[in-house]
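Chemist: Take this structure, written in structure tokens, and hold onto it; I'll ask about it next.
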Amino acid sequence: MLTMRTPVLDAEDEAVPHPMFAARALPPASRAFAIYRETLLLLDSPMQWPIFVPPDRFVNAMVIGGPAPYVVLTEGLLSRGDEATLRFTLGHE
């Protein structure tokens, strides 16, 4: 069972923008979010962090924040990366 560091959106919730990046939250009903959860379970991660998606065409990913980190995956990565690339990237981050 994953411990939630911050609340995770339910499938019915609206995408919450992140002011720093003009980014939206990754929808929990998306395939990318399912891959994220699978990766966390595979790595036996005790936590789950929010994911934000800025409207950037470049392929990029990062984790930002100290005591309350969050994951950033660009639109470019989500639109061009296949499942293996996304799994690798999420595992790295």
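The values are calculated or read from the model by the stated rules, or taken from the named source; none is laboratory data. Computed from a predicted structure; not experimentally measured. Counting neighbours? That spans all protein chains shown, and the Cβs are built from the backbone with ideal geometry, glycine included. Ligands, DNA and RNA are excluded from the accessible area calculation, which covers all protein heavy atoms including side chains. Shrake-Rupley method; radii C 1.70, N 1.55, O 1.52, S 1.80 Å.
Chemist: Please state the Cα pair-distance histogram of the stretch 36-93 with 10 angstrom bins from zero: what percent is in each bin?
Modeler: The calculated distribution, bin by bin, is 23, 57, 20, 0.
Chemist: Now for a separate question. Could you sort SER45, SER79 by their accessible area in this structure, using a 1.4 Å probe and putting the largest first? Kindly include the intermediate steps, with their values, before the conclusion.
Modeler: Values: SER45 20, SER79 90 Å².
These residues rank, largest area first, as SER79, SER45.
Chemist: OK, next. Just reorder VAL71, VAL63 by solvent-accessible area, largest first, 1.4 Å probe, all chains present. Write out the running numbers ahead of the final one.
Modeler: Numbers: VAL71 10, VAL63 65 Å².
Heavy-atom accessible area, descending, gives VAL63, VAL71.
Chemist: So how far apart, in nm, are the two label points at ALA84 and ALA34 if each is 7 Å from Cα heading toward Cβ?
Modeler: 2.0 nm
Chemist: Can you list which of the trypsin sites (Lys or Arg not before Pro) found in the stretch 44-93 are DSSP loop residues with at most 12 other C-beta atoms within 10 Å?
Modeler: For trypsin sites (Lys or Arg not before Pro) across the stretch 44-93 that sit outside H, G, I, E and B with at most 12 neighbouring Cβ atoms in 10 Å, the list reads ARG57.
Chemist: At 0.36 nm per residue, minus the direct Cα-Cα distance, what do ASP44 and ASP56 gain on full extension? Give it in nm, one decimal, please.
Modeler: Fully extending the segment from ASP44 to ASP56 adds 1.3 nm.
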